[in-house]
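Asker: Take a look at this one; I'll ask things after.
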Amino acid sequence: MNKAPPLHQQNLPDWSRHPRIQRAAAVIRGGGVVAYPTEAVWGLGCDPSNRDAVEHILQLKQRPVGKGLILLAANIEMLRPYLIGLDQQHIAQMQSTWPGPVTWLIPNNGMASDWISGGQSTLAVRVSAHPVAAGLSRALDTPIVSTSANPGGRQPATSLTRVKVYFGNQLDDYTPGAIGNAAKPSEIRDMLTGKVVRPG
């Protein structure tokens, strides 16, 4: 049986133009929190520059701010401000894994707020291959917060039904779509040490 090509290689519609994605983008611009599918699990997202929205996500997840959050983008250009200071070899290394379910921990150059970085010396960034997640970022023309849709200690949601069980009406919107075929949440790699912090 032939395996389906990766999502970013499939001839898929531009989800950024979908009315429901446009609506979710408007909700995020207004300070809301939205659930959306990624390669392996459903995620919660918001505007990373909106502290209140980020704090709402942390409260929903019962997640300490010190753990930091991932910035998910539709393309590497959206992440350029956070990549200032990295050499071309490191950037090429990231690009070789993107778009896809690999999150890189890069040196925090100060462009990210403490409520995103968790006050740490590193920042987590990813370019998603999922057409809905990438479409939402593209509709906003900016990276979005990405963190698994589950309260602390619970399994990440793999369906919208589970997201609603976890959070009910505490979220401001949900996108259409379903998760990709990745078996686990994104692999996390440390750029400077080369260490795999979380296997994919």
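Asker: Any idea how many residues of segment 173-200 are of a type outside the set (Gly, Ala, Ser), within 13 Å of THR158 (Cα to Cα) and out of contact with any helix residue (DSSP H, G or I) (no Cβ under 9 Å at 6 or more places or on another chain)?
Answerer: In the first step, residues of segment 173-200 are kept if they are of a type outside the set (Gly, Ala, Ser); the result is 173-176, 179, 181, 184-185, 187-193, 195-199.
Okay, now just the ones that are also within 13 Å of THR158 (Cα to Cα), so 179, 181, 184-185.
Pick out the ones that are also out of contact with any helix residue (DSSP H, G or I) (no Cβ under 9 Å at 6 or more places or on another chain) and you get 179, 184-185.
Counting residues in segment 173-200 that are of a type outside the set (Gly, Ala, Ser), within 13 Å of THR158 (Cα to Cα) and out of contact with any helix residue (DSSP H, G or I) (no Cβ under 9 Å at 6 or more places or on another chain) gives 3.
Asker: Please count how many residues of segment 119-143 are without any contact (Cβ under 8 Å) to a residue 60 or more places away in the chain and touching a Pro at 6+ places or on another chain (Cβ under 8 Å).
Answerer: Qualifying residue count, segment 119-143: 4.
Asker: Taking segment 38-52, which residues are more than 13 Å from the chain's Cα centre (by Cα) and either crowded, with 22+ Cβ neighbours inside 10 Å or touching a residue at least 40 places away in the same chain (Cβ under 8 Å) (or both)? Write out each step before concluding.
Answerer: Kept after step one, since they are more than 13 Å from the chain's Cα centre (by Cα), are these residues of segment 38-52: 49-52.
Those that are more than 13 Å from the chain's Cα centre (by Cα) and either crowded, with 22+ Cβ neighbours inside 10 Å or touching a residue at least 40 places away in the same chain (Cβ under 8 Å) (or both): SER49, ARG51.
Asker: When only residues in segment 122-176 that are in a loop (DSSP other than H, G, I, E, B) and of a type in the set (D, E, K, R) count, which is nearest to GLN62 (Cα to Cα)?
Answerer: My answer is ARG154.
Asker: Please enumerate the residues belonging to segment 152-200 that are at pLDDT 95 or above, closer than 24 Å to TRP104 by Cα and polar (S, T, N, Q).
Answerer: GLN155, THR158, listed by residue number.
Asker: Quick check: is even one residue across segment 178-200 under 23 Å from GLY30 (Cα atoms) and either touching a residue at least 60 places away in the same chain (Cβ under 8 Å) or part of a helix (DSSP H, G or I) (or both)? Write out each step before concluding.
Answerer: Step one: filter segment 178-200 for residues under 23 Å from GLY30 (Cα atoms), giving none.
Within segment 178-200 (the criterion being under 23 Å from GLY30 (Cα atoms) and either touching a residue at least 60 places away in the same chain (Cβ under 8 Å) or part of a helix (DSSP H, G or I) (or both)), the answer is no, since none of the residues qualifies.
Asker: Turning to a different aspect of this structure: Looking at segment 130-145 only, could you name the residues that are surrounded by fewer than 23 Cβ atoms within 10 Å (Cβ to Cβ) and of a type outside the set (Asp, Glu)? Lay out the reasoning, then the answer.
Answerer: Initially, segment 130-145 is screened for residues surrounded by fewer than 23 Cβ atoms within 10 Å (Cβ to Cβ), giving 138, 140-142.
Passing the criteria: ARG138, LEU140, THR142.
The values are calculated or read from the model by the stated rules, or taken from the named source; none is laboratory data. What you see is a predicted model, and the numbers here were worked out from it, not measured in a lab. Note that each Cβ is placed from the backbone with ideal geometry, even for glycine, and that neighbours are counted across all protein chains shown.
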